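Note sheet for the following structure.
The values are calculated or read from the model by the stated rules, or taken from the named source; none is laboratory data. Please read all numbers here as calculations on a predicted model, not as lab measurements. Note that each Cβ is placed from the backbone with ideal geometry, even for glycine, and that neighbours are counted across all protein chains shown. Just so you know, the surface numbers come from the protein's heavy atoms only, side chains and all, with ligands and any DNA or RNA stripped out. Shrake-Rupley method; radii C 1.70, N 1.55, O 1.52, S 1.80 Å.
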Amino acid sequence: MNKNYTLENLPEIASELIQTVKNKTLLFYGEMGVGKTTLIKEICKQLGVLDNISSPTFSLVNEYETSKQEKVFHFDFYRIEDENEALDMGIEDYLYNNAWCLIEWPQNVENLLPLDAVEIHLTTLENSKRNIQLKYT
């Protein structure tokens, strides 16, 4: 799927993702400031997360809980320099426990990610609108 969107469209995009993806590992690709965290906040909101959602730039992962006591993990690997850092934090335990894993800057840990993870590519268009491309099976 390839869509142009504004902030008003995020609830619809988040809803489509939650309802249609088979793998709960979502990979968010895009430059700084394109809207990755904003989309993640909307996904978390629709999943029922009551916590304050923020990008875990320095801690690498934030753990949230939904109103149904389900776990949601939000990763930001922007500052990671070596995949061993992700292994040391136990990334495999997070990725293979059937919880939602929302990953910003996944290209920095690409060899550790599930092959069937959902790719979400965000770009900014000339008119300040955003383009989102979803890749999943």
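For this structure, a couple of remarks:
- Solvent-accessible heavy-atom area per residue, rounded to whole Å², over the range 36-137 at 1.4 Å: 55 Å²
- Exposure of Met89 as accessible area (Å², to 10), given a probe of 1.4 Å and all protein chains: 50 Å²
- Magnitude of the charge dipole, the chain, Cβ model with Lys/Arg +1 and Asp/Glu -1, debye to 20: 640 debye
- Neighbourhood charge, 12 Å Cβ-Cβ cut-off, centred on Tyr94 and excluding it, Lys, Arg +1 and Asp, Glu -1: -1
- Per-residue Karplus couplings for the range 79-95, computed as 6.51 cos²θ - 1.76 cosθ + 1.60 with θ equal to phi - 60°, are listed in order as 8, 6, 10, 8, 4, 4, 4, 5, 5, 5, 7, x, 3, 4, 5, 6, 6 Hz, Gly and Pro entered as x.
- Solvent-accessible surface of protein heavy atoms, probed at 1.4 angstrom with all chains present, puts Glu8, Glu63 in the order Glu8, Glu63, largest first.
- Atom-type composition of the exposed protein surface of the range 25-115 places 43 percent of the accessible area on carbon and sulfur (1.4 angstrom probe).
- The aspartates and glutamates within cross-link reach of Lys129, meaning a Cα-to-Cα straight distance under 15 Å and a gap of 8 or more places when in the same chain, are Glu8, Glu31.
- The mean sequence distance of close C-alpha pairs (under 8 Å, at least 6 residues apart), as a share of the length of the chain, puts its relative contact order at 35 percent.
- The mean sequence distance of close C-alpha pairs (under 8 Å, at least 6 residues apart), as a share of the length of the range 17-77, puts its relative contact order at 23 percent.
- Reachable lysines, given that their alpha-carbon falls under 21 Å from the alpha-carbon of Lys68 and they are not under 8 places away in the same chain: Lys22, Lys24, Lys41, Lys45
- MRE, 222 nm, helices only [DSSP H, n ≥ 4, -39500 (n - 2.57), over the chain, to nearest 500]: -7000 deg cm²/dmol
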